[in-house]
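Asker: Please read through the structure below; I'll follow up with questions.
The values are calculated or read from the model by the stated rules, or taken from the named source; none is laboratory data. Nothing here was measured: the structure is a model prediction, and the numbers come from that model. All Cβ positions, even for glycine, are placed from backbone atoms using ideal geometry, and neighbour counts span all protein chains on display. Note: accessible area is taken over every heavy atom of the protein model, side chains too, but ligands, DNA and RNA are not part of it. Shrake-Rupley method; radii C 1.70, N 1.55, O 1.52, S 1.80 Å.
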Amino acid sequence: MKKKIIVALIPARQGSQRLKDKNILKLNNHPLLAYSIKSAIDSKIFDKVICVTDSKKYAKIAENYGAYVPSIRPKVISGSKSQDILWVKWAVNELVKKEIDCNIFSILRPTSPFRKASTIKRAFKIFFKSNNIDSLRAVELCSQHPGKMWKLKNKFLSPIFPNRDKKNPFHNRQYADLPKIYVQNASLEIAWIHCLKQNSISGKKIIPFFTNEEEGFDINNKIDFWRAKYMLNQKKFTLPKI
């Protein structure tokens, strides 16, 4: 049987808008990028831990912490609106050029620094035990339920998640009485390489990986970064050891 080649893809675009240079902001004296690299390496799951970046500066930092940077990501697929499928396909093609023919990839985003090696191992255990799937994606219960969200239409509010029960619409119910809705987070994604042929990073048959608050915590703005520091100071969250 052909050996499974598993790669970690760590995207680190330099042009973040909400929080400048968020991927290399330092938390406990190390850049956010370092924690994803460290947890990936420590999991011992991956044949290669790859940083996909459009920055030579970021590439040097990633390599210093043990990641492999096959080449610099083109600017044309590194904009704020660039789709994930574009850089994932590019990265896989770059690996093929280096004679690394992977059949499973996992996306580990640097903005989720509290994800541990144990988180990754737990996710892969579920992935490998599941038959006839395309991918696994980290999710958590949403705190802002779409059943209580609205859109503006002709100067009037209209629920974005309507239901047929006019006597007891979602927006009038308690949270506990609403259907469970999950939101994806930045912790991790795992997929078979065949998903890319469907022009997707996840395919159609996606199973959930339920994360706790720490594992799914995502840093995208100044408030998130402040809260991450606070949770560390209060010893409620812990980072991978570097």
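Asker: Considering the range 100-168, what Rg and Dmax in Å follow from its alpha-carbon atoms?
Answerer: 19.5, 59
Asker: Give the cross-link partners of residue 153 among the lysines, using a straight C-alpha distance below 20 Å as the criterion and excluding same-chain residues fewer than 8 apart.
Answerer: Within the straight-line cut-off, residue 153 pairs with 166.
Asker: Quick one: 3J(HN,Hα) in Hz for the range 51-57, Karplus 6.51/-1.76/1.60 with θ = phi - 60°, rounded, Gly and Pro as x.
Answerer: Result, rounded to whole Hz: 9, 10, 9, 9, 10, 5, 5.
Asker: Calculated FRET efficiency, residue 238 and residue 99, Cβ-Cβ r, R0 51 Å, to nearest 0.05? Display every interim value, and only then the final one.
Answerer: Working: r = 38 Å, r/R0 = 0.75.
Between residue 238 and residue 99 the formula returns 0.85.
Asker: Straight-line reach from residue 235: which lysines fall under 18 Å, measuring Cα to Cα and dropping same-chain residues less than 8 apart?
Answerer: Leaving aside lysines fewer than 8 places away in the same chain, those within reach of residue 235 are 26, 116.
Asker: Hey, another quick one. Once each part is reduced to its C-alpha centroid, what is the distance from the range 101-129 to the range 173-194 in angstrom?
Answerer: 16
Asker: Based on the inverse mean of 1/r over its pairs of different Cα atoms, what is the Kirkwood hydrodynamic radius of the range 198-238, in Å? Mind showing how you got there, number by number?
Answerer: Working: mean 1/r = 0.0796 Å⁻¹.
That comes to 12.6 Å for the range 198-238.
Asker: Same structure, new question: Based on the mean of other beta carbon atoms within 10 Å per residue, what is the order of 67-74, 111-118, 227-234, most packed first?
Answerer: On the way: 67-74: 18.5, 111-118: 22.5, 227-234: 13.8.
Descending packing order for the listed peptides: 111-118, 67-74, 227-234.
Asker: Quick one: compute the contact order of the range 1-124, relative version, from alpha carbon pairs under 8 angstrom and 6+ residues apart, as a percent.
Answerer: Working: 197 pairs, mean separation 47.5, N = 124.
Over the range 1-124, the number comes to 38 percent.
Asker: When DSSP assigns beta bridges and you keep just the ones with both residues in the range 1-138, what percent turn out antiparallel, to the nearest 5?
Answerer: On the way: 2 of 13 bridges.
Of the beta bridges lying entirely in the range 1-138, close to 15 percent run antiparallel.
Asker: Ranked highest first by the average count of other Cβ atoms within 10 Å around their residues, in what order do 149-160, 167-178, 198-209 fall? Can you show the working numbers first?
Answerer: Numbers: 149-160: 9.7, 167-178: 11.8, 198-209: 15.8.
Top of the packing list down: 198-209, 167-178, 149-160.
Asker: Follow-up. At a Cα cut-off below 16 Å, give the lysines reachable from residue 180, other chains included and same-chain residues fewer than 8 away excluded.
Answerer: 148
Asker: Give the label of the value calculated from the structure for Rg and Dmax of the Cα atoms in Å, choosing from (1) 19.4, 62; (2) 17.0, 49; (3) 17.7, 53.
Answerer: Answer by label: (1).
Asker: What is the diffusion coefficient of the range 1-124 in µm²/s, taking the Kirkwood radius over Cα pairs and the Stokes-Einstein relation at 20 °C with a viscosity of 1.002 mPa s?
Answerer: On the way: Rh = 14.6 Å.
It comes out at roughly 147 µm²/s.
Asker: Set the bar at 27 Å for Cα to Cα. Now go through 151/236; 98/197; 81/121; 89/236; 56/205 and name every pair that lies beyond it. Spell out each step's value before the answer.
Answerer: Working: 151/236 37 Å; 98/197 20 Å; 81/121 31 Å; 89/236 37 Å; 56/205 36 Å.
Check vs 27 Å cut-off fails for 151/236; 81/121; 89/236; 56/205.
Asker: How large is ³J(HN,Hα), in whole Hz, for each residue of the range 212-226 in order, when computed from phi with the Karplus curve 6.51 cos²θ - 1.76 cosθ + 1.60 and θ = phi - 60°, using x for Gly and Pro?
Answerer: 8, 4, 5, 4, x, 5, 10, 9, 10, 8, 5, 5, 4, 5, 4
Asker: Measure off, as a whole percent, the carbon and sulfur share of the 1.4 Å-probe accessible area of the range 58-139, all protein chains present.
Answerer: 50
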